[in-house]
1. Classify the stretch 71-115 as rounded, prolate or oblate, taking a ≥ b ≥ c as the square roots of the eigenvalues of its Cα gyration tensor: rounded when a/c is under 1.5, otherwise prolate if a/b is larger than b/c and oblate if not.
2. What longest range of the chain stays clear of loop-exposed GluC sites (Glu not before Pro) (DSSP non-H/G/I/E/B, at most 12 other C-beta within 10 angstrom)?
3. Taking only protein heavy atoms and a 1.4 Å probe, what accessible area per residue, in Å², does the stretch 30-117 have with all protein chains in place?
4. Roughly to the nearest percent, how much of the accessible area of the chain is carbon and sulfur, given a 1.4 Å probe?
5. Let me check against my output: what whole-number percent is the relative contact order of the stretch 21-123, with C-alpha pairs under 8 Å and at least 6 apart?
6. For Asn84 and Asn57 in the same chain, what is the full-extension length gain: residue separation times 0.36 nm, less their Cα-Cα distance, in nm?
7. Which net charge results for the neighbourhood of Leu17, defined as the other residues with beta-carbon distances under 14 angstrom from its beta-carbon, given Lys and Arg at +1 and Asp and Glu at -1?
8. Put a dot 7 Å past each Cα toward the Cβ at Lys43 and Gln1; how far apart are the dots in nm?
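The values are calculated or read from the model by the stated rules, or taken from the named source; none is laboratory data. These figures come from a predicted structure and were not determined experimentally. Note that each Cβ is placed from the backbone with ideal geometry, even for glycine, and that neighbours are counted across all protein chains shown. Please note that ligands, DNA and RNA were not included when accessible areas were found on the heavy atoms of the full protein model with its side chains. Shrake-Rupley method; radii C 1.70, N 1.55, O 1.52, S 1.80 Å.
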Amino acid sequence: QVQLVESGGGLVQAGGLPRLSCAASGRTFAIYAVRWAPQAPGKEREFVGVISRSGINTSYADSVEGRFTITRDNAKNTVYLQMNSLKPEDTAVYYCAASLAYARGIYYSGDYWGQGTQVTVSS
């Protein structure tokens, strides 16, 4: 089992640059890729980015490419989502998922999900 806890959300102004954290406990975190997947009100959860087990490889959705950066510190069992140039349409609950799949989809068998952290962007 892997338990994930997201933090760092809140109310931010457009253009802000909050950093979200995804802290893990339980099984060896370094064997998992980690995805970030926000879910806006009334919408499906969507992929925004994924980082590989080592942190060497990342992949982002076009909508956030160049604005969001995912990093990880396996010594601290934590993955970060640095958000820049926020827009009101980035408002969502941001979830992280630990996965054996380094992939751009949303759901894969065996994934572990956190409870999410709300990010609200005001214009």
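1. oblate
2. Working: sites that count: Glu44, Glu65.
Counting at most 12 other Cβ atoms within 10 Å as exposed, the longest clean stretch of the chain is 66-123.
3. Numbers: 4200 Å² over 88 residues.
Heavy-atom accessible area per residue stands at 48 Å².
4. For the chain, the apolar C and S fraction of the accessible surface comes to 49 percent.
5. 31 percent
6. 7.8 nm
7. For residues surrounding Leu17, the net value is +2.
8. Using points 7 Å along Cα→Cβ, the separation is 3.3 nm.
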